[in-house]
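**Q** Can you read through this structure? Questions will come right after.
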Amino acid sequence: MPAQRSRAKRINHKHHSHTTFLWRMIGILLVSLLAIVFYLYHDSMLTLIYPKTQEDKTVATTSISTKQEPTSEASKANQASSEEMTWEKQTEPVKIPILMYHAVHIMAPEEAANANLIVDPTTFESHLKAFQEAGYYTLTPEEAYKILTENVLPKDKKVVWLTFDDSLWDFYSIAYPLLKQYHMKATNNVITGTTDTQPDHLTLEQIKEMQENGMSFQSHTVNHPDLEYSTPEAQNAEVIDSKEYLDHNLNQDTIVLAYPAGRYSEQTVKTVENAQYKLGVTTNEGLASAADGLLTLNRVRILPVTTADGLLQTIGQ
Ligand SMILES: [Zn+2]
């Protein structure tokens, strides 16, 4: 008896598990079917649910493959003013202020040795505020090139070109948000060898995001050597490799080289010219003019003690 009962139970159990198996299979099939349908049509489904997200996604994709126009409000304002700008031929040779910043953050005590390269965020913002109130327009590298080669200026506008050397972390975290707030543009000269390799420098992702929002990125060589005392081969590699990196990754024609520590020789300038750069910016003090040579342009050094009033006096046109 016990044996028979257990056999019956087994059969029963077998039958039961067979039915469960069938139901499970049907369940799995249904889920798979749903997954396939979702996979095939999720784009249109998502568009129905989140039309804006889909639009953003399209913009982001095209901006990688093509040279996308900046999309933020700040850069739209800049873009618009750039397009509407009327250029006027000048009778006197034009001189433009190219400002040279490095770091913008609150200096830590252990940074005392680099104190002259660090500007307090409050000071930096006071500069931007002063430019805004005085009606300054912030230039792109391409506009600076146009001004210096065609001897033109935008109608009814004062101009300034904000440059930052060394592609430091705080350009993204501190300077860039302020620049956006004031609808201004700046150029950062990148040490390409530090990108994605050194934590205190900008990442390529940050650079791309800022580029989409109107900031420019130009070359400050690969390793920041003293070019004046580098071999011709080393100079060549530094200026060519950094340009290739930026051209390729940012889908642009990189036109500016900032000499590391402002050091260069005649040989360096020739190398930079051969590498197809159009402008070279130095640490020689003063306003920039074509007469000094497009590859050896002066800049105005910004110090921690540079006040907004003092700066306007220095660059006043
Ligand atoms: Zn530097």
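**Q** I'd like the antiparallel share, as a percent to the nearest 5, of DSSP beta bridges with both residues in segment 85-202.
**A** Given both bridge residues lie in segment 85-202, the antiparallel proportion sits at roughly 25 percent.
**Q** For segment 174-214, with only Lys/Arg (+1) and Asp/Glu (-1) charged at the beta-carbon, what is the dipole magnitude about the Cα centre, in debye rounded to 20?
**A** Numbers: 3 positive and 5 negative charges, 45 e Å.
Dipole of segment 174-214, to the nearest 20 debye: 220 debye.
**Q** Suppose R0 equals 25 Å; then what is the FRET efficiency for THR314 and GLU209 from their Cβ-Cβ distance, rounded to the nearest 0.05?
**A** 0.20
**Q** Okay, next question. Starting from the Cα of LYS155, step 7 Å along the direction of its Cβ; do the same at TYR182; then give the gap between the two resulting points in nm.
**A** Taking the simple label geometry, LYS155 and TYR182 are separated by 2.7 nm.
**Q** For segment 181-245, what is the charge dipole size about the Cα centre, in debye to the nearest 20, if Lys and Arg each add +1 at the Cβ and Asp and Glu each add -1 at the Cβ?
**A** So the magnitude is around 280 debye.
**Q** Which of rounded, prolate, oblate describes segment 144-288, given a ≥ b ≥ c as roots of the alpha-carbon gyration tensor eigenvalues and a/c under 1.5 marking rounded, otherwise prolate only if a/b is larger than b/c?
**A** It comes out oblate by the Cα gyration axes.
**Q** Another one. Within the set LYS157/LYS270; LYS155/LYS270; LYS180/LYS270; LYS208/LYS278; LYS89/LYS208, which residue pairs have Cα atoms separated by over 32 Å?
**A** LYS157/LYS270; LYS155/LYS270; LYS180/LYS270; LYS89/LYS208
**Q** Please list, or write none, the aspartates and glutamates whose alpha carbon is within less than 18 Å of the alpha carbon of LYS158, excluding same-chain residues fewer than 8 places away.
**A** GLU83, GLU84, GLU88, GLU92, GLU133, GLU142, GLU143, GLU150, ASP309
**Q** Among ARG24, ARG299, ARG263, which comes first, then next, by fewest other beta-carbon atoms within 10 Å? Write out the running numbers ahead of the final one.
**A** Details: ARG24 10, ARG299 23, ARG263 15.
The fewest-first ordering by Cβ neighbours comes to ARG24, ARG263, ARG299.
**Q** Same structure again: Label point 7 Å out from ALA290 along Cα-to-Cβ: which residues of segment 84-102 have amide N under 12 Å?
**A** 89-95
**Q** Let me ask another. Just need the relative contact order of segment 146-233 here, percent rounded to a whole number, with Cα pairs under 8 Å and 6+ apart.
**A** RCO, segment 146-233: 29 percent.
Bear in mind that the values in this text are calculations on the coordinates, not laboratory data. Please read all numbers here as calculations on a predicted model, not as lab measurements. As a convention, Cβ positions derive from the backbone with ideal geometry for all residues, glycine included, and neighbour counts pool all protein chains shown.
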